[in-house]
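Student: Before I ask anything, here is the structure I am working with.
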Amino acid sequence: MENNQYNNPFWNETAFFQTDQGHSFRVEVNWKGVLRNAERAEWRGEKMSFYLPTGHSSEPTMVTNASEMGKDNAGFEHTINKVAPYEVTKWWETDMLPEKMSVTVDTMALKPFLPMNLSNP
């Protein structure tokens, strides 16, 4: 991949950013490799995490802290997190978004969404 408009020789890239509230997030674009085909979003925090559906997961998932402790196969102690399906509000079907943003398409990746601050719920 050479001679492109950005003079970038790489097919796959990762970039790290910081939100206006000081939280970090990562963006990856992978065009070549032995990878699952997916467009997904993940928000990871200290108190909870949220995962949108992917090519290998059929529903949005919320992961939250639990007070229960367990041990992994090697005997190391860890928190047993609660993993549950999450009902996503279809903001584009409410009157909370301006009409121009209120569209419906076939893929979740293209639907407008409101950012979630999961680090400080």
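The values are calculated or read from the model by the stated rules, or taken from the named source; none is laboratory data. As the structure is a prediction and not an experimental result, all values here were calculated from the model. Heads up, the Cβs are rebuilt from the backbone with ideal geometry, glycines too, and the neighbour counts pull from every protein chain shown. These area figures cover heavy atoms from the full protein model, side chains too; ligands, DNA and RNA do not enter into them. Shrake-Rupley method; radii C 1.70, N 1.55, O 1.52, S 1.80 Å.
Student: For segment 79-120, give me each residue that is modelled with pLDDT under 70 and polar (S, T, N, Q).
Tutor: Ser102, Thr104, Thr107, Asn117, Ser119, Asn120 - these are the residues of segment 79-120 that are modelled with pLDDT under 70 and polar (S, T, N, Q).
Student: Right, next: Scan (1) surrounded by fewer than 10 Cβ atoms within 10 Å (Cβ to Cβ); (2) modelled with pLDDT of 75 or more; (3) among the acidic types (Asp, Glu) for the single condition Glu2 breaks and write down its number.
Tutor: Failed condition: (2).
Student: Would you confirm, using the coordinates I've provided, whether Val27 is out of contact with any Lys or Arg (no Cβ under 6 Å at 6 or more places or on another chain), at pLDDT 80 or above and open to solvent by 100 Å² or more (accessible area, probe 1.4 Å)?
Tutor: The answer is no for Val27.
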